[in-house]
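Asker: One structure, pasted below without further comment.
Where a number appears in this text, it was derived from the coordinates with a stated rule and is not lab data. Note that the structure is a prediction, hence the values are computed from the model and not measured. When we count neighbours, we look across all protein chains shown, and the Cβ atoms used for this are built from the backbone with ideal geometry, even at glycine.
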Amino acid sequence: MERTIRLTTGPVTLGGRLLDTPTADALWDVLPVAGEVNTWGHEIYFTIPVQVPLEKSACEIVEEGDLGYWPTGAALCIFFGPTPISREGEIRPASAVNVFGKVTGDTAVLKNIRQGSTMVIDKATP
């Protein structure tokens with residue numbers, strides 16, 4: 001069964017697709033969640049009520065549109081471009097993250113989301 005989510009803040013709504021991972025399972029089980037947006041370069045992150053350890057497949061470099069979970073801060077991360085520690089041509093989180101899904105749609109709209117706004121993530125209806 002494909003699990004899809006909706007990410008909404010203000011007038012911006014994007015879709016997402018979850019992978020088959022323990023982190024994706026843990027997030028799915030607590031949806032809907034809402035958080036106050038923090039930004040770090042071209043990354044949005046906020047704390048969610050999920051506690052999972054780093055998975056064996058955790059990544060130190062991610063791709064545009066990846067949805068990650070940062071165990072250090074119990075935070076959901078949305079990557080849409082370089083962070084302050086990225087090297088040329090890469091997207092680098094602060095430390096390793098569990099990649100558990102992918103944004104569907106144009107991640108360019110994420111550049112307009114401001115720190116302090118509220119983002120809601122819920123299950124998308126088929």
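Asker: Explain nothing, just compute: Karplus ³J(HN,Hα) = 6.51 cos²θ - 1.76 cosθ + 1.60, θ = phi - 60°, for every residue of the stretch 95-100 in order, whole Hz, x for Gly and Pro.
Answerer: Whole-Hz 3J(HN,Hα) from phi for the stretch 95-100: 7, 3, 10, 8, 7, 10.
Asker: Among PRO93, SER57, TYR45, flag the residue with its Cα farthest along the positive direction of the charge dipole of the chain, charges on Cβ as +1 for Lys/Arg and -1 for Asp/Glu.
Answerer: The listed residue farthest towards the positive side: TYR45.
Asker: Also, quick follow-up: Amide H neighbours of GLY101 under 5 Å, counting only residues 5+ apart in sequence or on other chains, H built in-plane at 1.01 Å?
Answerer: Residues meeting the criterion, in which the H sits 1.01 Å from N, are LEU19, LEU67.
Asker: Between LYS102, LYS111, LYS56, where does the largest GNM mean-square fluctuation fall for the chain, given springs only between Cα atoms within less than 10 Å?
Answerer: In the Gaussian network model the winner is LYS56.
Asker: Amide H of VAL50: which non-local residues (sequence gap of 5 or more, or other chain) have their own amide H closer than 5 Å, using H built in the peptide plane?
Answerer: Correct list: empty.
Asker: Please turn the phi angles of the stretch 103-111 into ³J(HN,Hα) values with the Karplus equation 6.51 cos²θ - 1.76 cosθ + 1.60 (θ = phi - 60°), one per residue in order, whole Hz, x for glycine and proline.
Answerer: Taking θ as phi minus 60°, the curve returns 5, 10, x, 7, 5, 4, 5, 5, 5 Hz for the stretch 103-111.
Asker: Still on this model: Starting from 0.36 nm per residue, how many nanometres of slack lie between GLU63 and TRP40 once their C-alpha separation is accounted for? Write down the numbers at each step before the final one.
Answerer: On the way: separation 23, 0.36 × 23 = 8.28 nm, distance 1.55 nm.
Fully extending the segment from GLU63 to TRP40 adds 6.7 nm.
Asker: Okay, moving on. On the principal axes of its Cα set, how long, how wide and how thick is the chain? Give whole Å, largest value first.
Answerer: 38, 35, 22 Å, listed from the longest principal axis down.
Asker: For the chain, what does -39500 (n - 2.57) per DSSP helix run (n ≥ 4), summed and divided by total residues, give at 222 nm, in deg cm²/dmol to the nearest 500? The partial results should precede the final answer.
Answerer: Values: 1 runs with 9 residues, N = 126.
That calculation yields -2000 deg cm²/dmol at 222 nm.
Asker: Also, I was wondering about something else. Using a basic spin-label model with each label point 7 Å from the Cα along Cα→Cβ, how many nm lie between SER95 and ASP25?
Answerer: 2.5 nm
Asker: Net charge near GLY89, counting Lys/Arg +1 and Asp/Glu -1 over other residues with Cβ under 12 Å of its Cβ? Kindly include the intermediate steps, with their values, before the conclusion.
Answerer: Numbers: positive: ARG87, ARG92; negative: GLU63, GLU64, GLU88, GLU90.
Local charge sum for GLY89: -2.
Asker: Give the distance, in whole Å, between the Cα centre of the stretch 17-44 and the Cα centre of the stretch 50-126.
Answerer: 8 Å
Asker: Positive end of the dipole of the stretch 28-126, charges at C-beta (+1 Lys, Arg; -1 Asp, Glu), about the Cα centre: which of GLY105, THR83, PRO32 has its Cα farthest in that direction?
Answerer: Farthest towards the positive end: PRO32.
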